[in-house]
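Novice: Got a structure for you, written out below as C-alpha cells; questions coming shortly.
The values are calculated or read from the model by the stated rules, or taken from the named source; none is laboratory data. Computed from a prediction, not measured in an experiment: that's the story for all the values here. Cβ atoms come from the backbone with ideal geometry, glycine included; neighbour counts cover every protein chain shown.
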Amino acid sequence: MSSPSLSKSVLPRTIARSGRALGIAVLALAPVLGFAQAGQLDRGFGSNGIFSSTFNQTSSVFATCVALQPDGKIIVGGEAGNPGIVVRLNTNGTIDTSFGSAGVVSIRYRDVGNFTVGVAVQTDGKILAVGTGLPNAGQLVRLNSDGSLDTSFGNGGSVVLTQTAAGLLLQPDGNILVDGSIEGQATRVIQRFTTTGLPDSSFGHGGIAPLSAGAGLMALQSDGKILVASDTLSRYNSNGSIDHTFGVQGQVADLTGPAAVAVQSSGLIVTAGTEVSGLMQPTNSTGFGLSEVFPTGFPVFLFGTHGGTVTGFPGFPSAGATTIAIQSNTSIVTAGQAAVTPLNSAFALARYLPTGQLDGSFGTGGLVTTSFGNTAANIAAIVLQSDGKIVAVGAAGPNFVVARYLAQ
C-alpha cells in the first residue's frame, strides 16, 4: 500500500435544528443548571453542548482523538463504519463543511477495521493522522488544511508503518513520533519521521527505537525527553535510547497501569488510569487513579496520598480514566468513563488541584458525569482550548460524540 484511499462517500447525516444542520443529534443530558459553572456543558456548543453523529453508518462509529487548530477549529479522529475518519468542527460545534467532503475525510489505512488513533496539527495548518487496521499495521497520513491529501508527504501523502499505531506526537521541530507494535511480533517500537515523511536516521536505528514496555500515549518534557504511558511509565532520550536515569532502568511502576501522561510546567509528571481499591466508597470497585513523580521518577509524596489518589464516582460502581490534560493554573483534568454496567455508562471528568485533591469548584465536588440514556458512553481524549474550555471526544451508543465543558 503506497498511499491511503480517501473516500467522499461517507457523508454526515443532516438534521435541521434551529437553522443549523449536519450531524447534530439531540441526546438526553444532565439537568441544566441555572448558572454557568465549571464542569457544566457549554450550551453554546453544538446542540446544548454536544455534537453527535452516526455519519449514516449503522455500526463502529466512535471518536478516538482530538487536536485544535490555531483558529480554534477542532480536528477529531475516529471511525465511521470501516473507514477511519477525520472530522473538522467549527468553534461553535457545527461541522465545517469546507473540510474534506461535507466536513469528513475518510481514510483506508489497511484492508479492514480501519480507525484513526491520533491526530495533530502542524504550525503550517497541515493535519497529521495516524491509523491502523487489519492486517495489523497502519499508515501515517498528512492532509492539507482543506482535507485533501498532501502528496508532498511520504509516498503520495502517506507513510506505511511497520507496526500498528498506538500514539502520535508532534515534536516542536516538526518531527513526528508514532509508537505501536510490529505486526506478528511482541516487539513494540517508536518510529520518528521527518517533516517530509522520511524515517529520521538520527533516531534509534534507522528511525526506529525499541520500547522497553508497551506502546501507548506519549508526552514530551521541555528537554525533549519522551514519556510513554502503558503498562508502566517509561522515558526515552531524544535520540530514542532509554533513559536509565529515570526510575529503575528507565521505567516507573504505576499501579494505575497508566493510560495517559502529562507534564506540569514545573517538570512534575502526572499519569492517569484505572485503579482498583477498597478505600473508595463501598459501592465502587474501580476509580480514576492519578500518580505524580519528579523528573527522576521518584514519587511526589505530597501529591494526593503518598504520591497518588484514587477517585470513585457516586452511583457508578466502576470508573476509569483514559486521558489527562493540565490547565494553565496547573489544575489537572482527567476524563474517561463511569459505569453502572458495561452497557450503561457515562462520560466522566474529574478536576484536581495541583496537590492531588479534588477541585470542589468543578462540577459536584470535583466530579462531572454526562449520561446519554441507558447506553454505553466513554471519553477517549480531551484537549483544552485557549480559553480553558474542555473539549472531550468519544462515543455514546452508536454515536460519534464531541462535548465541550466550561472550565470556570
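Novice: What about residue 221, is it surrounded by fewer than 18 Cβ atoms within 10 Å (Cβ to Cβ) and modelled with pLDDT of 95 or more? So that I can check it myself, show each step before the final result.
Specialist: Values: surrounded by fewer than 18 Cβ atoms within 10 Å (Cβ to Cβ): yes; modelled with pLDDT of 95 or more: yes.
Taking the combined requirement at face value, the residue satisfies it.
Novice: Name the residues in the range 107-153 that are charged (D, E, K, R) and free of Cβ contacts under 8 Å to residues at least 40 places away in the same chain, would you? It would help to see each step written out before you state the result.
Specialist: Within the range 107-153, the first condition is being charged (D, E, K, R), and the residues that meet it are 108, 110-111, 124, 126, 142, 146, 150.
Passing the criteria: 111, 124, 126, 150.
Novice: Listed residues 364, 355, 334, 323; which is more than 15 Å from residue 406 (Cβ to Cβ), of a type in the set (S, T, N, Q) and either free of Cβ contacts under 8 Å to residues at least 60 places away in the same chain or surrounded by fewer than 24 Cβ atoms within 10 Å (Cβ to Cβ) (or both)? Even if it seems obvious, please write down each step before you answer.
Specialist: Numbers: 364 fails: more than 15 Å from residue 406 (Cβ to Cβ); 334 fails: either free of Cβ contacts under 8 Å to residues at least 60 places away in the same chain or surrounded by fewer than 24 Cβ atoms within 10 Å (Cβ to Cβ) (or both); 323 fails: either free of Cβ contacts under 8 Å to residues at least 60 places away in the same chain or surrounded by fewer than 24 Cβ atoms within 10 Å (Cβ to Cβ) (or both).
Checking each option against the conditions leaves just 355.
Novice: Out of the residues in the range 161-175 that are within 13 Å of the chain's Cα centre (by Cα) and of a type in the set (A, V, I, L, M), state the one that is surrounded by the fewest Cβ atoms within 10 Å (Cβ to Cβ).
Specialist: Of the range 161-175, the ones within 13 Å of the chain's Cα centre (by Cα) are 166-169.
Within this subset, residues satisfying the condition of being of a type in the set (A, V, I, L, M) are 166, 168-169.
On the way: 166: 24, 168: 25, 169: 22.
Per the criteria, the residue is 169.
Novice: From the list 85, 50, which residue is in contact with a strand residue (DSSP E or B) (Cβ under 6 Å, 6 or more places away or on another chain), among the hydrophobic types (A, V, I, L, M, F, W, C) and closer than 15 Å to residue 390 by Cα?
Specialist: On the way: 85 fails: closer than 15 Å to residue 390 by Cα.
After applying the criteria, what remains is 50.
Novice: From the list 312, 304, 289, 257, which one is more than 21 Å from residue 65 (Cβ to Cβ), of a type outside the set (Ser, Thr, Tyr) and surrounded by fewer than 23 Cβ atoms within 10 Å (Cβ to Cβ)? First the steps, then the outcome.
Specialist: Details: 312 fails: surrounded by fewer than 23 Cβ atoms within 10 Å (Cβ to Cβ); 289 fails: surrounded by fewer than 23 Cβ atoms within 10 Å (Cβ to Cβ); 257 fails: more than 21 Å from residue 65 (Cβ to Cβ).
From the options 312, 304, 289, 257, the qualifying one is 304.
Novice: Mind checking which residues of the range 225-252 are among the hydrophobic types (A, V, I, L, M, F, W, C) and either under 16 Å from residue 289 (Cα atoms) or not in a loop (DSSP other than H, G, I, E, B) (or both)? Give the derivation first.
Specialist: The first filter runs over the range 225-252 and keeps only residues among the hydrophobic types (A, V, I, L, M, F, W, C), leaving 226-229, 233, 242, 246, 248, 252.
Across the range 225-252, the qualifying residues are 226, 227, 228, 229, 233, 242, 248, 252.
Novice: If I ask for residues that are assigned to a strand (DSSP E or B), within 17 Å of the chain's Cα centre (by Cα) and not small (Gly, Ala, Ser), which ones from the range 359-398 would you list? Before you say what the answer is, go through the steps one by one.
Specialist: To start, the set of residues in the range 359-398 that are assigned to a strand (DSSP E or B) comprises 364, 367-370, 377-384, 390-396.
Filter once more, so that each one left must be within 17 Å of the chain's Cα centre (by Cα): 377-384, 390-396.
The answer is 378, 379, 382, 383, 384, 390, 391, 393.
Novice: Looking at the range 31-50, which of its residues are of a type outside the set (Ser, Thr, Tyr), farther than 13 Å from residue 361 by Cα and at pLDDT 80 or above? Step through it out loud before you land on a result.
Specialist: Step one: list which residues in the range 31-50 are of a type outside the set (Ser, Thr, Tyr), which gives 31-46, 48-50.
Among the residues that remain, those that are also farther than 13 Å from residue 361 by Cα are: 31-35, 41-46, 48-50.
Matches in the range 31-50: 41, 42, 43, 44, 45, 46, 48, 49, 50.
Novice: Which residues, taken from the range 123-139, are of a type in the set (S, T, N, Q), touching a strand residue (DSSP E or B) at 6+ places or on another chain (Cβ under 8 Å) and either at pLDDT 95 or above or not in a strand (DSSP E or B) (or both)?
Specialist: Quick first cut of the range 123-139, residues of a type in the set (S, T, N, Q) only: 123, 132, 136, 139.
Going one step further and asking which of them are touching a strand residue (DSSP E or B) at 6+ places or on another chain (Cβ under 8 Å), we end up with 132, 136, 139.
Across the range 123-139, the qualifying residue is only 136.
Novice: Shifting gears a bit: Would you please name the residue that is farthest from residue 250 (Cα to Cα), looking only at residues in the range 176-211 that are buried (at least 17 other Cβ atoms within 10 Å of the Cβ) and small (Gly, Ala, Ser)?
Specialist: Taking the candidates together, the pick is 197.
Novice: Shifting gears a bit: Conditions: (1) within 26 Å of residue 260 (Cα to Cα); (2) among the charged types (D, E, K, R); (3) part of a loop (DSSP other than H, G, I, E, B). Residue 142 meets all but one. Number of the miss?
Specialist: (3)
Novice: Among residues belonging to the range 181-197 that are within 27 Å of residue 151 (Cβ to Cβ) and among the charged types (D, E, K, R), point out the one that is modelled with the highest pLDDT.
Specialist: Filtering the range 181-197 for residues that are within 27 Å of residue 151 (Cβ to Cβ) and among the charged types (D, E, K, R), the one modelled with the highest pLDDT comes out as 192.
Novice: Let me ask you something else. Step by step: first the residues of the range 231-243, then only those that are buried (at least 24 other Cβ atoms within 10 Å of the Cβ) and without any contact (Cβ under 8 Å) to a residue 60 or more places away in the chain, then the one that is farthest from the chain's Cα centre (by Cα). Which residue is that?
Specialist: 236
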